Amino acid sequence: MESRTGSWMKMMMAGGRTEDSGGWQRVFLLAVVFCTARFCHAEIGSREDAFVGYSEKSYKKTVFPAPRHGNEFLIFSTRFGDIRVELLPESSPNAVKYMKSLVTQRLMDGCSFYRAEPAGPTIDEGRDSIRPGYALVQGGLYSCGRQETKNLHVETAVNNTKGAVSLITGTSEFFFNLEAHPEWDGSFSVFGKVVDIDSWNVLRRIVALPTRQEAHSSGTILRMLQSPVPFKTRLELPTPIQGS
């Protein structure tokens with residue numbers, strides 16, 4: 001027997017047309033209510049749900065004080081413009097040091113953003129259930145064949161709030177949180193944060209690009225960009241404070 005969810009999704013995919021005299025608007029409204037009641041408030045779950053294929057070892061966690069002032073910026077230059085990330089060495093010194101080393105050694109130049117997961121209700125191919133989107137943009141050395149295993153301690157002073165930029169534990173990959181992800185707090189080192197609207201606009205353009213769904217052996221569906229977005233990186237010092 002076809003599931004109730006599957007029947008509703010087929011109606012939505014067909015433009016919401018039914019024999020109901022209320023028309024497609026009524027069907028769409030009912031679908032939204034159904035989604036909100038059953039799925040949209042579901043938690044994404046653990047880090048394994050979103051970041052399969054990476055090391056899942058148990059890493060020792062190191063807690064540092066929360067950041068107190070502005071610091072250096074890590075700039076990702078793309079064809080859509082620059083993404084400016086304020087680095088947070090007070091809270092994640094090891095992760096920041098590692099990311100800066102990738103920049104100074106020019107190991108990230110020519111690498112790409114290769115994964116873009118939108119926020120909001122998401123339907124995976126071959127399934128009839130709705131889940132919350134992972135809401136992230138991911139990049140790193142994997143895209144240019146230079147992926148490293150880096151066993152840094154997880155630094156947990158800063159949470160995965162909207163705009164936080166996190167290093168995926170045990171790897172050279174990182175991601176931008178497009179929404180807050182409290183379920184991932186304590187699993188990743190947040191090494192920076194997006195600082196301006198222009199940077200957000202670049203991220204919005206990237207996450208809106210066409211993707212293909214790629215099934216991992218675990219069953220998790222990843223949304224990989226059909227055309228990855230290359231970037232170059234540089235470090236930028238903060239503007240000196242007058243009188244300092």
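The values are calculated or read from the model by the stated rules, or taken from the named source; none is laboratory data. In this text, all values refer to a predicted model and were calculated from it rather than measured experimentally. We place every Cβ from the backbone using ideal geometry, glycine too, and count neighbours over all the protein chains shown. The protein model used for the area step is the full one, side chains on, heavy atoms only, and it has no ligands, DNA or RNA in it. Shrake-Rupley method; radii C 1.70, N 1.55, O 1.52, S 1.80 Å.
Would you mind calculating the gained length between residue 162 and residue 197 on full extension (0.36 nm times residue separation, minus the Cα-Cα distance), in nm to one decimal?
11.3 nm
Determine, from the Cβ-Cβ distance of residue 151 and residue 101 and an R0 of 25 Å, the FRET efficiency 1/(1 + (r/R0)^6), rounded to the nearest 0.05. Mind dumping the intermediate values first?
Numbers: r = 15 Å, r/R0 = 0.60.
Result of the calculation: an efficiency of 0.95.
In the context of the full set of protein chains, segment 79-133 has a per residue accessible area of 40 Å² (1.4 Å probe). Quick check on segment 87-181: take the gyration tensor over C-alpha atoms, sort the square-rooted eigenvalues as a ≥ b ≥ c, and tell me if it's rounded (a/c under 1.5), prolate or oblate. It comes out oblate by the Cα gyration axes. Accessible area of residue 129 (1.4 Å probe, protein heavy atoms only, ligands and nucleic acids ignored): about 50 Å². For segment 156-235, the solvent-accessible area with a 1.4 angstrom probe is 40 square angstrom per residue. If R0 is 30 Å, what FRET efficiency do you get for residue 124 and residue 205 from their C-beta distance, rounded to 0.05? About 0.80, to the nearest 0.05.
Taking the centroid of alpha carbons for each part, segment 154-185 and segment 124-153 are 12 Å apart.
Let me know the shape class of segment 177-236, please: from the alpha-carbon gyration tensor, a ≥ b ≥ c as square roots of the eigenvalues, rounded when a/c is under 1.5, otherwise prolate if a/b is greater than b/c, or oblate.
Working: a/c = 1.93, a/b = 1.20, b/c = 1.60.
Oblate, because a/c is 1.5 or more while a/b does not exceed b/c.
In whole angstrom, segment 73-232 maps to an equivalent ellipsoid with semi-axes of 24, 18, 16, each derived as √(5λ) from the alpha carbon gyration tensor and ordered largest first.
Tell me which trypsin sites (Lys or Arg not before Pro) from segment 111-209 have a DSSP coil assignment and no more than 15 other beta carbons within 10 Å of their own. Hits after loop and neighbour filter: 127, 146, 162. Ignoring ligands, DNA and RNA, what percent of the accessible area of segment 73-232 is carbon or sulfur (1.4 Å)? Its accessible area is 49 percent carbon and sulfur atoms.
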